[in-house]
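**Student:** Below are the structure tokens for one structure; questions will follow.
Derivation of every value follows stated rules applied to the coordinates shown; laboratory data play no part. Just so we're clear, the structure is a prediction, and the values are computed from it rather than from any experiment.
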Ligand SMILES: Nc1ncnc2c1ncn2[C@@H]1O[C@H](COP(=O)(O)OP(=O)(O)OP(=O)(O)O)[C@@H](O)[C@H]1O
């Protein structure tokens with residue numbers, strides 16, 4: 001059983017409000033995300049849909065990695081086009097490919113980098129890093145060279161580097177794709193236990209079946225927005241057609 005201690009908990013329990021206000025993305029004249037208006041306040045949100053439907057682009061809109069070409073995206077009232085640096089302090093993004101995320105040669109250095117920039121006292125950094133790695137069951141990786149890790153270990157280390165910053169919302173872009181069954185279950189348990197809100201883009205429908213809300217994206221539009229049961233059933237039927 002988990003006993004959260006506010007002084008050491010790696011999570012932040014506040015719920016984030018995401019607002020898309022006619023937000024759309026057009027690249028080279030092609031509509032990738034059609035103008036979309038929606039508010040997300042749930043703690044667990046799944047985003048599913050076919051390859052190339054726009055899921056990653058949608059996810060990237062939420063922390064300013066992609067800026068809408070029409071309309072606006074606001075996180076707790078902050079516009080991603082104007083306040084991306086501030087927003088990234090409360091919205092963490094876990095990339096599908098951890099190589100896009102891990103920058104430093106040693107895992108502990110990679111995790112310490114963001115903490116140093118956030119102004120955390122130097123003496124507190126190793127404790128925060130160690131605690132986060134331990135929470136994900138990978139404390140033994142702390143001094144390992146990033147390039148020597150397996151795909152699954154890297155994925156978990158990249159996740160640790162995001163969570164150590166204690167974001168209020170964690171956006172996951174296909175977090176289980178590289179993982180074996182054991183590590184997939186571990187990520188699933190980590191998402192379940194997060195005090196932070198989570199939005200998860202995935203093809204793994206089981207992962208979102210107990211979430212609060214699931215969006216199905218089709219050709220850059222929110223084609224279904226429902227309970228997991230209803231949204232997944234809609235998507236399965238659509239995929240079978
Ligand atoms: N920077 C870009 N330049 C041009 N096209 C892009 C860019 N980013 C995304 N696209 C295109 O937008 C469409 C949606 O891409 P996106 O990665 O959002 O889809 P996805 O639903 O996450 O796909 P998958 O399930 O295959 O990962 C694709 O056709 C993709 O090629």
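**Student:** Could you work out the relative contact order of the range 131-215? I mean the mean sequence separation of Cα pairs under 8 Å and 6+ apart, divided by the number of residues, in percent.
**Tutor:** 28
**Student:** Follow-up question, since we're still on this one. Given the options 123, 18, 142, which has the most mean-square fluctuation in a GNM of the chain, springs set between C-alpha atoms less than 10 angstrom apart?
**Tutor:** Answer for the Gaussian network model of the chain: 123.
**Student:** At 222 nm, what helix-only mean residue ellipticity would the chain give, in deg cm²/dmol to the nearest 500, using -39500 (n - 2.57) for each DSSP H run of four or more?
**Tutor:** -9500 deg cm²/dmol
**Student:** Can I ask one more? Given C-alpha coordinates of the range 99-241, what is the ratio Rg to Rh with the Kirkwood estimate of Rh?
**Tutor:** 1.03
**Student:** May I pose another question? Mind telling me which of 104, 172, 211 comes out most flexible in a GNM of the chain, alpha-carbon contacts under 10 Å?
**Tutor:** Answer for the Gaussian network model of the chain: 104.
**Student:** Given an 8 Å cut-off on Cα distances and at least 6 residues of separation, report the relative contact order of the chain as a percent.
**Tutor:** 28
**Student:** When the expected Rg is taken as 2.2 N^0.38 Å, what fraction or multiple of it is the alpha-carbon Rg of the chain?
**Tutor:** My calculation over the Cα atoms of the chain gives 1.00.
**Student:** Sticking with this structure for a sec: Out of all DSSP beta bridges with both ends in the range 18-240, state the antiparallel percent to the nearest 5.
**Tutor:** Here the share of antiparallel DSSP bridges comes out near 55 percent.
**Student:** Stokes-Einstein diffusion coefficient for the range 172-241 at 25 °C in a medium of 0.890 mPa s, Rh from the Kirkwood formula over Cα pairs: what value in µm²/s?
**Tutor:** Diffusion coefficient, whole number: 190 µm²/s.
**Student:** So if I restrict to the alpha-carbon atoms in the range 1-135, what is the Rg, and what is Dmax, the biggest pairwise distance, in Å?
**Tutor:** Just the Cα atoms of the range 1-135 yield Rg and Dmax of 17.2, 52 Å.
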